[in-house]
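One structure is given below, encoded as structure tokens.
The values are calculated or read from the model by the stated rules, or taken from the named source; none is laboratory data. The model shown is predicted, which means the values in this text are computed figures rather than measured ones. Please note: Cβ atoms are built from the backbone with ideal geometry, for glycine as well, and neighbour counts cover all protein chains shown. The protein model used for the area step is the full one, side chains on, heavy atoms only, and it has no ligands, DNA or RNA in it. Shrake-Rupley method; radii C 1.70, N 1.55, O 1.52, S 1.80 Å.
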Amino acid sequence: MSDTNANVLRLEHVTMQFGGVVAVSDFSMEVNQGEIVALIGPNGAGKTTAFNVITGVYEPTNGTVYFNGEAIVENYPKGKMKKLYLGDSSTICDKVISKTPDKITNLGIARTFQNIRLFKKMTVFENVLIARHMRSKANFMSATFRLNLQEEAENREKTLELLKLVGLDGMKDDLATSLPYGKQRRLEIARALATEPTLLLLDEPAAGMNPQETLELAHFIREIKDRFNLTVFVIEHHMDLVMEISDRIYVLDFGRMIASGTPEEIQNNQHVIDAYLGVQEDE
Amino acid sequence: MTNKRDSIFAAVLLAAAFILVAVLDRVLPATGIIMTVLKKGCIYSLVAVSMNLLNGFTGLFSLGQAGFMLIGGYTYAILTIPPADRASVYQYFDGGIVQFAIPFWAGLIAAGLVAAFLAWLIGLPVLRLKSDYLAIATLGFAEIMRAIFQWDKLGPLTNGSNMLRKYPSFSSLMFPFAVAVICIALIVLLINSTYGRAFKAIRDDEVAAEAMGINLAHHKRMSFCISCFFAGIGGALLAMYQTTIQAMAFKSNMTYEILLIVVIGGLGSVTGSVLATFLFYAASEWWLRFLDSPLMIGSFQVPLLRSGFRKVVFSIVIMLIVLFARKGIMGDRELSLSGLMKLFGRKGKEASANE
Ligand SMILES: Nc1ncnc2c1ncn2[C@@H]1O[C@H](COP(=O)(O)OP(=O)(O)O)[C@@H](O)[C@H]1O
Ligand SMILES: [Mg+2]
């Protein structure tokens, strides 16, 4: 576990403050090659915020994110944040690295969104095809004059393949937003896969799905993981899904990591039961 | 399949239009009212489509079109006035400092390039900010350009507040038509390419687009520069059509007019922009003309009909369209054979169902 070379993703002392709100507090964790790791916790625990820091949407107040050993995000508190910041680890970072989300996607991290963010005026097919743009070698001239026909054909073929994989090839010309909820989530996964990631971040992929769909999703996540040789980091509320697919689990509560370990360890952890699992059962 | 049929349909339509234009050039007087509408229609179609590329397809709100047309028009004029005529054009500035002339086609391209270059310069700082700033910055830029081009100190280059003239122009309809067709075709090819899809992705959802690896700053700048390139060519065409050009005329009114056309045609619809342009100029220059001339029926003078009333009616029509047909004529769809067939197919079915 401590072999740093095997870490695909590593967070060190990541803190994210929005003014006085500490959304993520001194969070350190890692995801190893080929693992499926889950991030769980009550609503507002800071899970999505952690994803947003990893993908460069937010610049953290403090801490470092490594991807395959390379620091892709790093910051330390300055100015007002320095005064607000209470952690002791503020000294471990001294430089600022903030890659934009597109650069990070380029390196091989792809994500889906909790509040589905498909391209609304585009078809299902176009939504996936667009994710091939980044890997395209054409410039705007060669694309305009159609000198990239072969690449374009390859991209279309690959797009169709991915749509078949998620079972959406039959509705490829429909508007993306006309799909039912569960299918939109699958489309987001197909779109993320089209960027050719090595690390896939899924933000509540089973939200709004029934137990049957959730079960299918669990198999599907395993399948794509093997097929594309992925590492998967997933935020999820459906405990059966989490316990079924995860190798390891991290639990956040009010921005703090309160536990980490295997599914069995988490299920039997009293802190977790008090803070989260117990609450779940009441619902 | 429908795609192929649609492109054949478009090609046939275009060929027919070329023949029609050739015929019109022979039978209609070059300065008649219909020709005015058609020529302006061609020129402003190009400008409207270029604005739609930015506002409708990339989701960036720019208000600088008049400024970039001004730059295009002046670039063209300055570079193409024959040296022999410069002494008379630049009579207050000793014939000006430019003492050569390039061919008209090179002038057109130069007009686009200079406009695109200035767009790139403005885009560098502004496109990093939230998109509202682009509207403010481009509007300000256009006004500043208008002032700078009239500035006396630049007279040797721009002729100050005096007009530029005697550069090559056109009298046929075929010329602006052909240039507009070529330019709009290029824009359509771009929109349907992988870059066009990237622009649309940015328009639909910036966060998602960036997460899919699309470099926002790079693509926004590209769209902005290309849009301004074609606005520059549009400005050069306008200068040619008018045979004289004066910076004073490129007011922000002009931009609003083009924006209005784009909105009426439908944000994100090229055919909508083209249709709306022709309708707009036909209405304002031709169909509503009668409103401006007093009309006597017997000894009764019809009230309200007098010079300027046309503008009032026109504004009301526009307001109604914007209020009640917010998506414009075409929404974000394109006029195409399959679209038409669907429309009439549905109508036909409804009709037979009603029987
Ligand atoms: N952009 C933001 N500005 C201010 N507060 C934010 C922002 N994003 C998230 N937060 C706050 O951070 C906390 C964690 O949110 P989030 O990461 O979405 O939780 P989770 O995904 O675990 O449900 C919440 O209190 C939320 O209000
Ligand atoms: Mg969340």
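Below are the figures for this structure:
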| quantity | calculated |
| --- | --- |
| Dipole moment magnitude, nearest 20 debye, chain A about Cα centre, only Lys, Arg, Asp, Glu C-beta charged | 1380 debye |
| For q = 0.08 Å⁻¹, Debye-computed log10 I/I(0) when each Cα of chain B counts as one equal scatterer | -0.44 |
| Under 27 Å from the Cα of B:Lys39 - lysines, other chains or at least 8 residues apart | B:Lys166, B:Lys251, B:Lys311, B:Lys327 |
| J(HN,Hα) series, segment A:35-45, from Karplus relation 6.51 cos²θ - 1.76 cosθ + 1.60, nearest Hz, glycine and proline x | 7, 10, 10, 10, 10, 10, x, x, 4, x, 6 |
| Helical mean residue ellipticity (222 nm; -39500 (n - 2.57) per DSSP H run of 4+; nearest 500) of chain A | -9500 deg cm²/dmol |
| Between segment A:1-70 and segment B:101-176, the Cα center-to-center distance that results, in Å | 49 Å |
| Karplus-derived HN-Hα couplings along segment B:55-69 (A = 6.51, B = -1.76, C = 1.60, θ = phi - 60°), whole Hz, x at Gly and Pro | 6, x, 9, 10, x, 9, 9, 10, 10, x, 3, 4, x, 6, 5 |
| Among B:Ser7, A:Leu175, A:Leu193 the positive-end extreme of the charge dipole of the protein assembly as shown (Cβ point charges) | B:Ser7 |
| Listed pairs A:Lys183/B:Lys220; A:Lys172/B:Lys342; A:Lys95/A:Lys225 exceeding 25 Å between Cα atoms | A:Lys183/B:Lys220; A:Lys95/A:Lys225 |
| Low-density loop cleavage sites - trypsin sites (Lys or Arg not before Pro) in segment B:70-163, where at most 13 other Cβ are within 10 Å (DSSP) | B:Arg128, B:Lys130 |
| Estimated D of segment B:125-261 in µm² per second, where Rh is the Kirkwood radius over Cα pairs and Stokes-Einstein applies at 10 °C, 1.306 mPa s | 91 µm²/s |
| Nearest 10 degrees, 0 to 90: helix A:181-193 Cα axis against chain A principal axis | 90 degrees |
| Approximate spin-label separation B:Leu121-A:Asn139, in nm, with each point projected 7 Å along Cα-to-Cβ | 2.2 nm |
| Segment A:229-268 versus segment B:259-338: alpha-carbon centroid distance in Å | 62 Å |
| Surface per residue (accessible, 1.4 Å probe) for the protein assembly as shown, Å² | 46 Å² |
| Shape metrics for the protein assembly as shown, restricted to C-alpha atoms - Rg then Dmax, Å | 30.0, 101 |
| Charge dipole (the protein assembly as shown, unit charges on Cβ, about Cα centre) - positive-most of A:Ala259, B:Thr255, B:Phe177 | B:Phe177 |
| For segment A:104-116, 3J(HN,Hα) per residue [Karplus equation, 6.51 cos²θ - 1.76 cosθ + 1.60, θ = phi - 60°, Hz, x = Gly/Pro] | 5, 4, 4, 6, x, 10, 10, 9, 10, 10, 4, 9, 2 |
